[in-house]
Amino acid sequence: MKAVVYDGPRQVTVKDVPDARIERSTDVLVRVTATNICGSDLHMYEGRTDFETGRWFGHENLGEVIEVGDGVDKVAVGDRVVLPFNVACGHCKNCERGLSNYCMTAQPVQEWAGAAYGFADMGPWAGGQAELLRVPWGDYNCLRLGEDADERSADYVMLADIFPTGYHATEMAGVSPGDQTVIYGAGPVGLMAALSATIRGASKVMVVDRHPDRLRLAESIGAIAIDDSKVDPVQAVLEQTMGLGADNGCECVGYQAHDPQGQEQPNDTLNKLVQSVRFTGRIGTVGVYVPQDPGASDELAKQGKIAFDYGMYWFKGQTMGSGQAPVKRYNRQLRDLIAAGKAEPSFIVSHQLPLDQAPEAYQHFDARDNGWTKVILKPGQTA
């Protein structure tokens, strides 16, 4: 099969690799029909993780079941399914508590938890930026789709990661009807957080970024765009909230945050959120942070540490939730919102391209080139 193989920093090629196959009785084999390039993939693409050369990315995957193991009871050949990026067993202590994002079975390092397809330090699982994908514990990990699965695949593929992740940010932030919510980052996850805040009834959603194409997308769903290259975002939020600060906020950028001058500052968005959110407000952090970052610009960040404004955070009595999203906690209800026409996460999609065009797509998406807001790769599609 063909796959998008990582050859080193900012180098990927589409090449032949061994076919994915059924390896255990509980496996499901999926022919991938849509697989997204994620902002998290860029950390690995840029060489900012220990992702091994020769492996392939792809944790946002959707496709058709073409084979099932003898131990699979629910999922059948021909089903259209979307796969949570979390690889999870369904029966460990964390999975039984609904924390499939911290599965202890799928993660081979005993001291760690959590696994994902095609992701650094998240187990040996092959990615789905390929023609085929092996799905372990298939009955647990496959979310079956309805008759509109092919027609609306650009919406449903967002259930693999970014839509539930954006929703998880608003869940941790406690967004409730009538709230005023600020979101730092208008990448795909930030835009999904803005959509989720709207779905949850926020009266005002403010989105901070500096890329005009992304801010236009935020405005298209009714959010207030704040360009931090033109104004102080904290002051802008305070002006929008009678000087009190937002009721809650979401961090959707992560450890490679940059200031408007282009300097990397991993603490930038977190500290601005502390300033932007009111006393006793809540913050949900879904942007990726890592225990070690050898490519960081300062010594603290190289050790996975940042200069967090904890004094002000404590003084304001704020609460913060963090970590990867337990996709299975949300994907079924979000699927049903899509099916009912209540949510259309595909509004962020700028390109749907054949798998062979992945190297070009990575270059544009990594450069944040204008108009490259979200890329779906389509194995089997021709140019």
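Suppose the filter is in contact with a strand residue (DSSP E or B) (Cβ under 9 Å, 6 or more places away or on another chain) and under 30 Å from Asp16 (Cα atoms); does Tyr140 pass it? It would help to see each step written out before you state the result.
Numbers: in contact with a strand residue (DSSP E or B) (Cβ under 9 Å, 6 or more places away or on another chain): no; under 30 Å from Asp16 (Cα atoms): yes.
Here the answer is no, as Tyr140 does not meet what is asked.
Quick one: would you say Ile283 is without any contact (Cβ under 8 Å) to a residue 60 or more places away in the chain, at negative phi and assigned to a strand (DSSP E or B)? No. Scan region 298-324 for residues that are part of a loop (DSSP other than H, G, I, E, B) and surrounded by fewer than 13 Cβ atoms within 10 Å (Cβ to Cβ) and the total you get is 1. Starting from residues that are of a type in the set (Ser, Thr, Tyr) and at pLDDT 95 or above, keep the ones in region 261-299 and report whichever is nearest to Glu111 (Cα to Cα). Checked region 261-299; the qualifying residue nearest to Glu111 (Cα to Cα) is Thr285.
Criterion applied to Gln180, Gln263, Gln235, Gln240 was being crowded, with 24+ Cβ neighbours inside 10 Å, farther than 16 Å from Val286 by Cα, assigned by TED's automatic domain parsing to the domain that holds Asp309 and not acidic (Asp, Glu), and the one residue passing it is Gln180.
Please enumerate the residues belonging to region 34-55 that are of a type in the set (S, T, N, Q) and buried (at least 21 other Cβ atoms within 10 Å of the Cβ). If the condition is that a residue be of a type in the set (S, T, N, Q) and buried (at least 21 other Cβ atoms within 10 Å of the Cβ), then Thr35, Asn36, Ser40 are the ones that fit. Listed residues Gly190, Gly243; which is modelled with pLDDT of 95 or more and under 17 Å from the mean Cα position of the chain (by Cα)? The conditions single out Gly190.
A count restricted to region 26-83 and to residues that are over 19 Å from the mean Cα position of the chain (by Cα), among the hydrophobic types (A, V, I, L, M, F, W, C) and closer than 18 Å to Ile376 by Cα stands at 1. Applying a threshold of 8 Å to beta carbon distances and a minimum spacing of six or more residues, or different chains, the list of pairs starting in region 127-140 at a residue that is closer than 8 Å to Thr26 by Cβ and acidic (Asp, Glu) and ending at one that is at pLDDT below 95 and not in a loop (DSSP other than H, G, I, E, B) is empty. Condition (residue is exposed (fewer than 15 other Cβ atoms within 10 Å of the Cβ) and in a helix (DSSP H, G or I)) applied to region 338-358: is it met by at least one residue? Checking region 338-358: not a single residue is exposed (fewer than 15 other Cβ atoms within 10 Å of the Cβ) and in a helix (DSSP H, G or I). Picking from residues in region 193-220 that are among the hydroxyl-bearing types (Ser, Thr, Tyr) and either over 17 Å from Asp247 (Cα atoms) or within 20 Å of the chain's Cα centre (by Cα) (or both), the one that is surrounded by the fewest Cβ atoms within 10 Å (Cβ to Cβ) is Ser220.
Of the residues Asp19, Asp73, which single one is within 14 Å of Gly138 (Cβ to Cβ), in contact (Cβ under 8 Å) with a residue 40 or more places away in the chain, of a type in the set (Asp, Glu) and not in a strand (DSSP E or B)? So that I can check it myself, show each step before the final result.
On the way: Asp19 fails: within 14 Å of Gly138 (Cβ to Cβ).
That would be Asp73, the only listed residue that is within 14 Å of Gly138 (Cβ to Cβ), in contact (Cβ under 8 Å) with a residue 40 or more places away in the chain, of a type in the set (Asp, Glu) and not in a strand (DSSP E or B).
Check every one of the helices (runs of 4 or more DSSP H) wholly within region 91-190 and list those with 2 or more residues that are among the β-branched types (Val, Ile, Thr).
Numbers: elements: 93-96, 138-141, 153-156, 162-173.
Output list reads 162-173.
The values are calculated or read from the model by the stated rules, or taken from the named source; none is laboratory data. This one's a predicted model, so the numbers in the text were calculated from it and none came from an experiment. Backbone-built Cβ (ideal geometry, glycine too); neighbour counts: all protein chains shown.
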